[in-house]
Amino acid sequence: MVTDRWLDESGAVIYGKRKSGDEFKAGKKLLAEGEIDLTPLDDVVNSLATKMTYLMPDCTSKTLNSLRKKKLEHWDQNQQTNRDWLALNMMTEAKAGFRAFNEGPKGNREVDFIKLRRMLAEGHPWDDELIEAILPK
């Protein structure tokens, strides 16, 4: 991702713009060669959780709700359509994607999107046979 800054003028998070071409390939190769050590993150999360244990529960809840306000407002405006989409998606793309991630070998955890499109174009229904056919081997 191209991320020359983290926040915009109003303080909202900038998520970056996807790289493409050789830059994308080089970045993907670099990520595949790396190892992830989540110990520092675990340490910080444990420290924060311990600090929160010693805070007043209602004040902590109010603070967290305030931080999440924009997200909650968006959810409240879109919750029904989001729930409908999630329910539909969990029987199709998400079901395939979660299985690919959980069961696929390291470095190959994506469904075969081309095979998926071909099978759907041929009229194949979203069923366990289709999902098995597109899972990484």
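The values are calculated or read from the model by the stated rules, or taken from the named source; none is laboratory data. Since we're looking at a predicted model, the values are computed, not measured. Positions of Cβ are backbone-derived with ideal geometry, glycine not excepted, and every protein chain shown enters the neighbour counts.
Need the failing condition index for L48 against (1) over 30 Å from K29 (Cα atoms); (2) modelled with pLDDT under 90, just the number.
It fails just one condition, (2).
Every residue in region 1-28 that is modelled with pLDDT of 90 or more and loosely packed, with under 10 Cβ neighbours inside 10 Å, please.
G21, D22
Table: residues versus (1) within 21 Å of the chain's Cα centre (by Cα); (2) farther than 30 Å from L130 by Cβ; (3) not small (G, A, S).
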position	(1), (2), (3)
T53	no, yes, yes
C59	no, yes, yes
K71	yes, yes, yes
M90	yes, no, yes
A94	yes, no, no
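Mind checking whether some residue in region 30-37 is in contact with a Gly (Cβ under 8 Å, 6 or more places away or on another chain), closer than 30 Å to K106 by Cβ and exposed (fewer than 10 other Cβ atoms within 10 Å of the Cβ)? Explain how you work it out, then say what you get.
Keep residues of region 30-37 that are in contact with a Gly (Cβ under 8 Å, 6 or more places away or on another chain), which gives 32.
Going one step further and asking which of them are closer than 30 Å to K106 by Cβ, we end up with 32.
Imposing the further condition that a residue be exposed (fewer than 10 other Cβ atoms within 10 Å of the Cβ) reduces the set to 32.
Checked against the condition, which is being in contact with a Gly (Cβ under 8 Å, 6 or more places away or on another chain), closer than 30 Å to K106 by Cβ and exposed (fewer than 10 other Cβ atoms within 10 Å of the Cβ), region 30-37 yields at least one hit.
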